[in-house]
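The values are calculated or read from the model by the stated rules, or taken from the named source; none is laboratory data. Computed from a prediction, not measured in an experiment: that's the story for all the values here. Heads up, the Cβs are rebuilt from the backbone with ideal geometry, glycines too, and the neighbour counts pull from every protein chain shown.
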Amino acid sequence: GVSLATLAAAAPGCPLVRVMPNTPALVGAGASALALGDDVSDEQAAAATALFEAVGLAVRVPETLLDAATGLSGSGPAYIFVLIEALADAGVREGLPRDTALRLAAQTTLGAAKLVLESGEHPGLLKDRVCSPGGTTIAGVAALETQGFRAAAQAAVAAATQRAREL
């Protein structure tokens, strides 16, 4: 993206805000990162934040972290879509009808995300509460770990962040 410094040079004295929204804003569930320029007043910052809060979460970050926000939340919906698709495909493989598998996968993802946000608890703790000793969930989590799930998620964010820096 175009830096605040470049924009400020083209429009000296203008209040500038760079924003990285994401597509879930289309359904009021977005996540937007805002970087404020030097000439933005407190009132303007509040207005910009409120604008994006109208379509989801809005957080202010230093401009130096906007590319990281792009890699995480700007590109993040695509990662979650891949996860939902993979879960649904696995459900179909195990015998569930496609529409049922997709609805279960999407709702499970939505519910888990809502639980993280509303409980305020660390995702690891919530995961541990679902994993009973020797049970189905810990077997599935072990398979995710063996297949490099965490590393793949981290690599996706790193690759998207790097690409954002290049652009």
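Key figures
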| item | result |
| --- | --- |
| Segment 113-161: number of residues that are over 20 Å from the mean Cα position of the chain (by Cα) and touching a residue at least 40 places away in the same chain (Cβ under 8 Å) | 0 |
| Per-region count, segment 126-140, residues part of a helix (DSSP H, G or I) and either among the small types (G, A, S) or farther than 22 Å from G76 by Cα (or both) | 8 |
| Filter result (surrounded by fewer than 18 Cβ atoms within 10 Å (Cβ to Cβ) and either closer than 26 Å to F81 by Cβ or not assigned by TED's automatic domain parsing to the domain that holds A8 (or both)) within segment 25-62 | L26, V27, G28, A29, L51, E53, A54, L57, V59, V61 |
| Residue within segment 106-116 that is at pLDDT 95 or above, of a type outside the set (K, R) and farther than 17 Å from E85 by Cα present | yes |
| So A164, is it closer than 30 Å to R18 by Cα, surrounded by 13 or more Cβ atoms within 10 Å (Cβ to Cβ) and under 16 Å from the mean Cα position of the chain (by Cα) | yes |
